[in-house]
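Asks: Here it is, the structure in full.
The values are calculated or read from the model by the stated rules, or taken from the named source; none is laboratory data. Being a predicted model, the structure only gives us computed values, none of them experimental. Reconstructed Cβ throughout: ideal geometry from the backbone, glycine too, with neighbour counts over all protein chains shown. For accessibility, only protein heavy atoms count, side chains too; no ligands or nucleic acids. Shrake-Rupley method; radii C 1.70, N 1.55, O 1.52, S 1.80 Å.
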Amino acid sequence: GSGRRASEKKFLCLSLERKSNEWFEHANWIIKVYCPEATPQDTIKLWENNFMMVDRNHMTPEDIISCVEQFRDEMGDLDMLAIDYLGYLASGFKGKDTYERTSNAIKSVKGLSKELKIATYTPHQVSRLTDTGEEPELGAGRDSGVTEETADFVFALWADDQKKGAEERKGHVP
């Protein structure tokens with residue numbers, strides 16, 4: 001990214017799961033947690049010059065490149081590309097099974113990130129084999145071991161108070 005302050009960073013979100021209005025409602029809710037008097041117009045003002053969203057159910061690598069080019073034409077430098085989420089992206093890739101499609105999708109994202117010189121955030125679900133409330137292992141990504149192999153960073157969120165037998169549920173993520 002550039003030398004811009006965090007509040008000036010520019011983001012492109014390719015949402016394959018949620019519609020723009022759902023994301024807006026969630027963004028507005030988050031702002032209201034920190035600033036209860038905030039209005040929807042405040043949310044728009046906060047994001048209007050540094051955030052663009054494209055909501056589609058299916059995207060090819062060519063579609064992703066086109067969206068990045070459109071963003072750069074309209075808004076200038078791009079600091080972060082978010083593709084929500086890997087499972088949906090993988091459904092559009094070729095492969096004999098889910099493992100191969102997911103592997104091909106994450107390798108494509110890694111290649112596009114390098115080609116476009118852009119940091120990319122691509123959330124992914126963990127395997128159903130991970131017990132509720134247990135810290136996921138690095139290789140717990142659903143459908144492909146390639147996800148953690150291609151990532152520069154892997155972040156995990158889990159609620160340890162959801163473990164079987166936990167006495168109190170605090171509702172926090174460690």
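Asks: Residues of segment 1-28 being outside any helix (DSSP H, G or I), hydroxyl-bearing (S, T, Y) and modelled with pLDDT of 85 or more, which ones?
Replies: S15 - this is the single residue of segment 1-28 that is outside any helix (DSSP H, G or I), hydroxyl-bearing (S, T, Y) and modelled with pLDDT of 85 or more.
Asks: Name every residue in segment 85-105 that is open to solvent by 20 Å² or more (accessible area, probe 1.4 Å) and either among the aliphatic types (A, V, I, L, M) or under 22 Å from K10 (Cβ atoms) (or both), in order of residue number.
Replies: Y85, the sole residue that qualifies.
Asks: Please verify whether T132 is closer than 30 Å to F71 by Cα, of a type in the set (S, T, Y) and modelled with pLDDT under 75, treating the condition exactly as stated.
Replies: Spelling it out, it is not the case that T132 is closer than 30 Å to F71 by Cα, of a type in the set (S, T, Y) and modelled with pLDDT under 75.
Asks: Continuing with the same structure: Quick check on my filter: what residues within segment 66-93 are part of a helix (DSSP H, G or I) and in contact with an Asp or Glu (Cβ under 8 Å, 6 or more places away or on another chain)? Step through it out loud before you land on a result.
Replies: Initially, segment 66-93 is screened for residues part of a helix (DSSP H, G or I), giving 66-75, 86-90.
Scanning segment 66-93 gives G87, Y88, A90.
Asks: Of the conditions (1) in contact with a strand residue (DSSP E or B) (Cβ under 9 Å, 6 or more places away or on another chain); (2) open to solvent by 50 Å² or more (accessible area, probe 1.4 Å); (3) under 26 Å from N21 (Cα atoms), V126 satisfies every one except a single condition; which number is it?
Replies: (3)
Asks: Would you mind telling me which numbered condition in (1) under 26 Å from A151 (Cα atoms); (2) touching a Leu at 6+ places or on another chain (Cβ under 8 Å) D79 fails?
Replies: (2)
Asks: Also, quick follow-up: Only one of (1) part of a loop (DSSP other than H, G, I, E, B); (2) surrounded by fewer than 17 Cβ atoms within 10 Å (Cβ to Cβ) is not met by M59, so which one is it?
Replies: Single failed check for M59: (2).
Asks: Still on this structure, I have one more. Just give me the residues in segment 28-43 being under 21 Å from K10 (Cα atoms) and either within 20 Å of the chain's Cα centre (by Cα) or open to solvent by less than 50 Å² (accessible area, probe 1.4 Å) (or both), in sequence order.
Replies: Hits for segment 28-43 are N28, W29, I30, I31, T43.
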